[in-house]
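The numbers here are math on the coordinates, done by the rules we state, and not lab data. All values reported here derive from a predicted model rather than from experimental measurement. Because the Cβ atoms are built from the backbone with ideal geometry, glycine has one as well, and the counts that use them run over all protein chains shown.
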Ligand code: PEP
Ligand code: MG
């Protein structure tokens with residue numbers, strides 16, 4: 001019966017009390033964006049640009065990059081599209097990014113840190129995103145940097161974006177940001193929490209290791225509390241805080257995230273209907289009440305069980 005309900009769900013997402021919830025798609029190229037635009041997705045919450053270049057031996061020109069990014073803008077005219085600058089390194093090496101051999105690539109030169117060893121790389125990518133936005137009539141292009149760990153990085157990235165009329169944000173995936181979110185949020189216009197890496201770095205557990213699945217679980221109360229701290233800062237400062245990690249695709253966890261004050265959820269396109277159906281069964285008041293209890297759980301299993309009991 002639930003399956004039939006999920007198949008029939010047409011969006012847009014709203015809670016049982018009518019509160020709208022923005023559900024967005026994670027995409028990696030124009031084809032994925034076009035598929036998402038035929039779904040209930042209201043836009044793109046995470047465009048993983050590094051996935052366009054996993055086999056590129058040389059850096060594509062600004063024009064070529066602009067053409068690629070433009071395909072994603074073009075799939076969602078007038079809608080929100082959040083472009084992430086290259087998150088190359090660790091599990092996603094990009095040949096032209098000149099990665100050095102590292103003992104611990106997940107803790108190495110990846111994401112925004114690539115700018116240290118590849119001068120001009122981020123500037124050229126931002127030029128290309130700005131050009132793609134202009135070519136597609138996008139007035140408010142949201143751009144975010146991955147793996148930001150210091151306020152100075154957020155400040156410098158935001159300045160580069162504003163020079164090009166792009167709306168700057170950062171991903172929250174290093175615990176340093178979630179611990180002191182206000183200082184970072186002063187510099188940028190929005191946050192997007194990457195729960196995959198935030199969990200990996202909070203629990204000190206490799207997200208690629210199936211042996212560590214009990215640790216790399218976003219229901220871990222320590223992770224939920226960092227999300228709570230981050231979302232609360234967003235509410236206080238009136239800036240949007242989305243989630244774009246796998247956690248957003250878990251229907252019960254989606255309710256908890258909304259209860260914590262998260263303003264949008266971005267996920268694999270095919271995960272959207274199940275999340276939409278679950279959200280339609282709960283009110284904001286319920287989500288808030290249950291989220292407060294769930295974050296106080298002593299372990300991930302208790303957190304999940306409590307949420308299922310109170311919301312399922
Ligand atoms: C994340 O870390 O949760 C995230 C969304 O980014 P990626 O999975 O691409 O590292
Ligand atoms: Mg990440």
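Only one of the numbered conditions (1) within 16 Å of ligand 2 (Cβ to nearest atom); (2) at positive phi is violated by residue 176, and that is (2). In segment 81-113, what residues are crowded, with 18+ Cβ neighbours inside 10 Å and either more than 16 Å from ligand 2 (Cβ to nearest atom) or over 19 Å from the mean Cα position of the chain (by Cα) (or both)? Across segment 81-113, the qualifying residues are 81, 94, 97, 99, 109.
Can you name the residue in segment 164-181 that is assigned to a helix (DSSP H, G or I) and in contact with a helix residue (DSSP H, G or I) (Cβ under 6 Å, 6 or more places away or on another chain) and, of all such residues, is surrounded by the most Cβ atoms within 10 Å (Cβ to Cβ)?
Just the residues of segment 164-181 that are assigned to a helix (DSSP H, G or I), to begin with: 175-179, 181.
Then keep just the ones that are in contact with a helix residue (DSSP H, G or I) (Cβ under 6 Å, 6 or more places away or on another chain); that gives 175, 177-178, 181.
Details: 175: 18, 177: 27, 178: 24, 181: 24.
Top of the filtered list is 177.
Of everything listed in (1) surrounded by 15 or more Cβ atoms within 10 Å (Cβ to Cβ); (2) farther than 19 Å from residue 77 by Cβ; (3) touching a helix residue (DSSP H, G or I) at 6+ places or on another chain (Cβ under 8 Å); (4) touching a residue at least 40 places away in the same chain (Cβ under 8 Å), the single unmet condition for residue 50 is (3). Here the helices (runs of 4 or more DSSP H) wholly within segment 195-312 that include at least 1 residues being away from ligand 2 (no atom under 16 Å from the Cβ), in contact (Cβ under 8 Å) with a residue 12 or more places away in the chain and surrounded by 17 or more Cβ atoms within 10 Å (Cβ to Cβ) are 221-237, 251-260, 272-279, 284-294, 300-311.
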